[in-house]
Amino acid sequence: MPMTITEKILARHANLEYVSPGDLIEVNVDMALANDITAPLAIKVFKEVGARKVFDPQKIALIPDHFVPNKDIESAEQAKVMREFSAQHQIVHYYEVGRSGIEHVILPEMGLVIPGDLVIGADSHTCTYGALGVFSSGVGSTDLGVIMATGKTWLKVPPTIKLDYEGSLPPWVEGKDLILYTLGKLGIDGANYKSLEFSGAVIRGLSMDQRFTMANMAVEAGAKNGIMGPDETTMAYVAQRSNRRPSIFTSDPDAGYEKVIKIEVDKIEPQIAFPHSPANVRPLSQVGDITLDQVFIGSCTNGRMEDIRAAATILKDRKVAKGTRLIVIPGSQSIYRRAIKEGIIQTLIDAGAVIGPPCCGPCLGGHLGILAEGERAISTSNRNFVGRMGHPKSEVYLASPAIAAASAVLGRIAGPEGL
Amino acid sequence: MKLQGRVWKFGDNVDTDLIIPARFLNVSDKDELARNCFTDLRPDFVNKVSLGDFIVAGENFGCGSSREHAPLAIRSAGISVIIARSFARIFYRNAFNIGLPILESKEASTSIEEGNRVSVDLSTGEIVNTDTGERYFARPIPDFMREIVGNGGLVEYIKKKGLAKQEM
């Protein structure tokens, strides 16, 4: 029977020959993930169900990234719960501040997730790893606590929407613009409970960093997972990072899709998501005059090497506008190190940016770079809900690193062509 | 299992940042979380909500983050049931896991108004607006999920079923 890539990975992990949408299955988990906000609750559940040992200390990743370096006593206590649990259970993939970064940046970077894996994380952006041909999905802390004990969870096989991107990308249009454009078409619940499969010549032409950006935001349409079939780009990325043998799954040509949506990219402009929804998008030419108090370049969506490099290319020999603040946060310690070697950090500092330590930063409005009442920011992150980055009467616009960097120079939302 | 309560009405796409903003996620104690539930959207909610009250909302309730702190805050604030036109996937799963029953009904979501007194029967999915006498039927909750809620959440359910004994 023909299956999609998602169905094939789920079937393999449920030890079944075949699965179809709507089936309730129990699956084995290759990697279970939590962060300093979701892990403490998961650890509480782990203890409450009477578990004494984790199912496999190699297959759990506990990453401090949301409120670290600890922002206050309460978050220090939460980080401590995770640190002590990791020591007690000899969790192999616990990475301390200074040797770590944003969970969804470092797991692929360190080769901890590879094609064919099934990854469950207590974080909604766990869907990022779909860019590698992985089935990955976000859950809450209770599910994760039980997975840490048993290595298993139940899932309902989702129906798949296939997105077929064809054509050639116009200048300054990249993965972030494609996913924002797609969210605009699908709406904020257009893929609720479903799988989004990104395909077509345009996707095959994207770098891994841009693919991660797209898969990362599948959840903004409510999707259970976002996924891309592995190709040469995927294999080259994985070969440098992991010694495990990847399992390459691809969708059968006659696999059953709930819907196939064709997207012609030739005329797409850079996209901006307006407050207060990632699906509330407009093309750059229809933005109007929107002045900015703050610009944030970073996050699990756009805090990777290529993103920071793109920002530096635009900011080189330019200055951040008077009245605007630019915050740049490399997504991992290794990206930070490379950015220093390439002179990128120097360029950014010369332009007037402040560099934050690798962490989630202002994205979720809890730590570093919080907005005051009435302030307006453009951000390369993934959500712009009411109060997402600070005061409930602040505004967040979402865009690519190139647009964010150009906007920082001009002090208003604009593309690099306006420089 | 029958429940009765007074309704707090919400609109579409109530996201997890509105339910409990991230600035309050430096703790995971459920009573502390409850204190800040809906603080930006409806600052009076936590002071006026009574134990057993219902939430009736529109589409895609609970979209956004995977934070289980969101259903925990709502339940700990006193809400006994959420009825919505639809729920975001992760919130749906989290709500059952922590023992907060939720029901999907387009008709109930449209017709029920703020302050109405409503009763629900979780085993049949029947929803009655006792102020108007109108009846609606929610999509039935699968048996095993009703059992999870009946036990107060996944932790209690697992303890009772003894599933936790294997491999631990």
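The values are calculated or read from the model by the stated rules, or taken from the named source; none is laboratory data. Small disclaimer: the values here were computed from a predicted structure and weren't measured. All Cβ positions, even for glycine, are placed from backbone atoms using ideal geometry, and neighbour counts span all protein chains on display. SASA here: full protein model, heavy atoms, side chains in, ligands and nucleic acids out. Shrake-Rupley method; radii C 1.70, N 1.55, O 1.52, S 1.80 Å.
For region A:354-364, the set of residues classified as crowded, with 24+ Cβ neighbours inside 10 Å and not in a helix (DSSP H, G or I) consists of A:P358, A:C359, A:C360, listed by residue number. For region B:8-43, filtered to residues that are acidic (D, E) and at the interface with chain A (Cβ under 8 Å from one of its Cβ atoms), the residue that is most open to solvent (accessible area, probe 1.4 Å) is B:D40.
Scan region A:292-301 and give yes if some residue there is without any contact (Cβ under 8 Å) to a residue 40 or more places away in the chain and either more than 26 Å from A:G121 (Cβ to Cβ) or open to solvent by less than 10 Å² (accessible area, probe 1.4 Å) (or both), otherwise no. No; the residues of region A:292-301 include none that is without any contact (Cβ under 8 Å) to a residue 40 or more places away in the chain and either more than 26 Å from A:G121 (Cβ to Cβ) or open to solvent by less than 10 Å² (accessible area, probe 1.4 Å) (or both). Across region A:212-250, the qualifying residues are those that are surrounded by fewer than 17 Cβ atoms within 10 Å (Cβ to Cβ) and among the acidic types (D, E), and the one among them that is farthest from the chain's Cα centre (by Cα) is A:E232. Residues in region A:121-161 that are in contact with a strand residue (DSSP E or B) (Cβ under 8 Å, 6 or more places away or on another chain) and not in a helix (DSSP H, G or I): 21 in all. For the residues A:D209, A:D164, the requirement of being in a strand (DSSP E or B) and open to solvent by 10 Å² or more (accessible area, probe 1.4 Å) singles out A:D164. Just the residues that are within 23 Å of A:I179 (Cβ to Cβ) and either within 14 Å of another protein chain (Cβ to nearest Cβ) or open to solvent by 10 Å² or more (accessible area, probe 1.4 Å) (or both), please, taken from region A:123-151. A:D123, A:S124, A:H125, A:T126, A:C127, A:T128, A:S136, A:S137, A:G138, A:V139, listed by residue number. Based on what the data block shows, is A:K185 open to solvent by 20 Å² or more (accessible area, probe 1.4 Å), modelled with pLDDT of 95 or more, in a strand (DSSP E or B) and basic (K, R)? For A:K185, the condition - open to solvent by 20 Å² or more (accessible area, probe 1.4 Å), modelled with pLDDT of 95 or more, in a strand (DSSP E or B) and basic (K, R) - is not met.
For region A:365-388, a residue qualifies if it is part of a loop (DSSP other than H, G, I, E, B) and more than 9 Å from chain B (Cβ to nearest Cβ), and the qualifying residues are A:L368, A:G369, A:A372, A:E373, A:G374, A:E375, A:T380, A:S381, A:N382, A:N384. The set of residues in region A:311-334 being closer than 14 Å to A:T380 by Cβ and either assigned to a helix (DSSP H, G or I) or open to solvent by 10 Å² or more (accessible area, probe 1.4 Å) (or both) consists of A:A311, A:A312, A:I314, A:L315, A:I327.
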